[in-house]
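Since the structure comes first, as structure tokens, the remarks are kept for the end.
None of the figures in this text is laboratory data; all of them are computed from the coordinates on show. Since this is a predicted model, take the numbers as computed values, not measurements. So basically every Cβ, Gly included, is an ideal-geometry build from the backbone, and we count neighbours across all protein chains shown.
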């Protein structure tokens, strides 16, 4: 029996109760975006994590907490500790020049200061943040990186005085690995690191394994999901998919992550049934936003695309069906990853 068949067989015999700890000691958890369609409170999300014996939950956006009042946050933090579930806090863009940045919420420094209080109250060791999304690559991206570095330098003392770190994600097609590395080093790796997302590199024409290899020394936390990628007449198609169903060698990625990022939890961010992202890299205009991509890096991406075959994805569920489909996809991925970590 090959490895993938072994993992699949394990899924049929293991339920969600009494999961053994991974021999590697790697904690398994989830990013709450995996439950984005559930009408749940923060306490119900924590109950779900306890039911599945997940050790870390990442409230990667403030909206998932159900309010930022100190009394509420204290109750959430206390409940998490009662269930023995670690909490990580998060926010969106801290880049004032990004189209994703919410100016109505105050300056980037003010928003980070607010989240420092949130993280301290919850008991989170870090704050996840992002630069922006793929639309910012025409900025050019280097200008947005400089803007973000300035903000981070301005809050360095505040963050370090509160014994926290900022984890910047490679988010929604904004930065390639070497670009995020330059941001971290420019701001100061004594208080800034990476939230490494395995699903986003392919939409920046980057092999996820290259992203991991480049950013491993900087990784503070993670978002992990599988992906399918294949050739199209214009270039490639990228579709996020359940763990074990893609073609990016996710089992090897997880093993490599455990080895290169010891002590960092694997947090599942499962996003399924979206339309594939089309990457038209045969169009010369596509390269306007990727002028600095080394040929050898792009070659690794193409080699990954070469391994894929075109897929007919299931149609998206209706609005009424979405919450249950989302839970089914997440629970299947939890089982797959737990078996993989214990294999």
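In the chain, the DSSP-assigned H stretches of four residues or longer account for a calculated mean residue ellipticity at 222 nm of -12000 deg cm²/dmol, using -39500 (n - 2.57) per stretch and the full residue count as denominator. Once both labels are positioned 7 Å from their Cα atoms along Cα-to-Cβ, the gap between residue 327 and residue 84 label points is 2.5 nm. Can you compute the FRET efficiency between residue 318 and residue 282 using 1/(1 + (r/R0)^6), with r the Cβ-Cβ distance and R0 = 25 Å? Round to the nearest 0.05. So, using R0 = 25 Å, E works out to roughly 0.10. The modelled label-to-label distance between residue 190 and residue 161, using points 7 Å beyond Cα along the C-beta direction, is 1.5 nm. Beyond 22 Å, what share of the Cα-Cα pairs of segment 66-154 remains, rounded to the nearest whole percent? When every Cα pair of segment 66-154 is considered, 35 percent fall beyond 22 Å. Straightening the chain between residue 40 and residue 260 buys 75.7 nm, computed as 0.36 nm per residue apart minus the Cα-Cα spacing. Give the shape of segment 184-343 as rounded, prolate or oblate, defined through the alpha-carbon gyration tensor: a ≥ b ≥ c are the square roots of its eigenvalues, a/c under 1.5 means rounded, and otherwise the shape is prolate if a/b is larger than b/c and oblate if not. In terms of gyration-tensor shape, oblate. Only Cα pairs under 8 Å and 6+ residues apart enter the sum, and on that basis the relative contact order of segment 3-342 stands at 18 percent. Listed from fewest to most Cβ neighbours within 10 Å, the set 130, 192 follows the order 192, 130. Using a Förster distance of 22 angstrom, determine the FRET efficiency expected from the C-beta separation of residue 231 and residue 252, and round it to 0.05. Computed FRET efficiency for residue 231 and residue 252 comes out at 0.55. Stretching residue 154 away from residue 302 to a fully extended chain increases their span by 49.3 nm, per 0.36 nm per residue minus the current alpha-carbon distance. Taken along its principal axes, the alpha carbon cloud of the chain reaches lengths of 51, 50, 40 Å, longest axis first. Quick one: grab the alpha carbon gyration tensor of segment 145-244, order the square roots of its eigenvalues as a ≥ b ≥ c, and give me rounded if a/c is under 1.5, else prolate or oblate depending on whether a/b is larger than b/c. Verdict is prolate for segment 145-244. Under the simplified labelling scheme, the residue 74-residue 102 pair shows an inter-label distance of 2.4 nm, with each label point 7 Å from Cα along Cα→Cβ.
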